[in-house]
């Protein structure tokens with residue numbers, strides 16, 4: 001039997017200067033993030049969800065944010081730096097994306113596998 005433990009924080013909510021349009025650099029917008037991490041197999045340490053939250057919050061605090069992709073990679077880098085992580089998934093959603101039509105949100109997701117598999 002193989003167990004796969006994950007620690008997930010879903011729907012983290014922040015306000016940030018995000019986007020490349022002129023008005024996006026002047027007015028904070030809502031952002032929503034998911035951070036999901038899987039520890040290395042056999043790791044004795046646990047992944048503290050408070051540390052995962054801090055990774056997201058600290059990355060969002062580095063404003064302004066040009067692209068959602070950049071933010072997702074920054075969060076993934078910070079989670080990886082915690083050590084003992086086999087896989088990290090970060091999704092960043094922007095509910096008020098300026099696309100000229102209705103939508104629930106724009107989303108960018110990054111999956112990073114650190115095991116080489």
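The values are calculated or read from the model by the stated rules, or taken from the named source; none is laboratory data. Keep in mind that what you see is a predicted model, and the values were worked out from it rather than measured. Every residue, glycine among them, receives a Cβ derived from its backbone with ideal geometry; neighbour counts consider all protein chains shown.
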Pairs under 6 Å by beta carbon, first residue farther than 19 Å from residue 81 by Cα in the stretch 105-117, partner modelled with pLDDT under 90, six or more apart or different chains? 106/97
With the condition kept exactly as written, say whether any residue in the stretch 57-70 is under 22 Å from residue 5 (Cα atoms), at pLDDT 95 or above and touching a strand residue (DSSP E or B) at 6+ places or on another chain (Cβ under 9 Å). no
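Every residue, every condition in (1) free of Cβ contacts under 8 Å to residues at least 40 places away in the same chain; (2) under 22 Å from residue 16 (Cβ atoms); (3) under 12 Å from the mean Cα position of the chain (by Cα), yes or no:
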| position | (1), (2), (3) |
| --- | --- |
| 42 | yes, no, no |
| 53 | no, yes, yes |
| 57 | no, yes, yes |
| 74 | yes, yes, yes |
| 92 | no, yes, yes |
Could you tell me which residue of the stretch 40-56 is nearest to residue 107 (Cα to Cα), considering only residues that are out of contact with any helix residue (DSSP H, G or I) (no Cβ under 7 Å at 6 or more places or on another chain) and modelled with pLDDT of 95 or more? 53
Which residues, taken from the stretch 16-40, are in contact with a strand residue (DSSP E or B) (Cβ under 6 Å, 6 or more places away or on another chain) and without any contact (Cβ under 8 Å) to a residue 40 or more places away in the chain? 28
Of 86, 37, 59, which residue is part of a strand (DSSP E or B), in contact with a helix residue (DSSP H, G or I) (Cβ under 6 Å, 6 or more places away or on another chain) and closer than 28 Å to residue 116 by Cβ? 37
With respect to residue 80, is the statement that it is surrounded by 14 or more Cβ atoms within 10 Å (Cβ to Cβ) and either free of Cβ contacts under 8 Å to residues at least 24 places away in the same chain or within 11 Å of the chain's Cα centre (by Cα) (or both) true? no
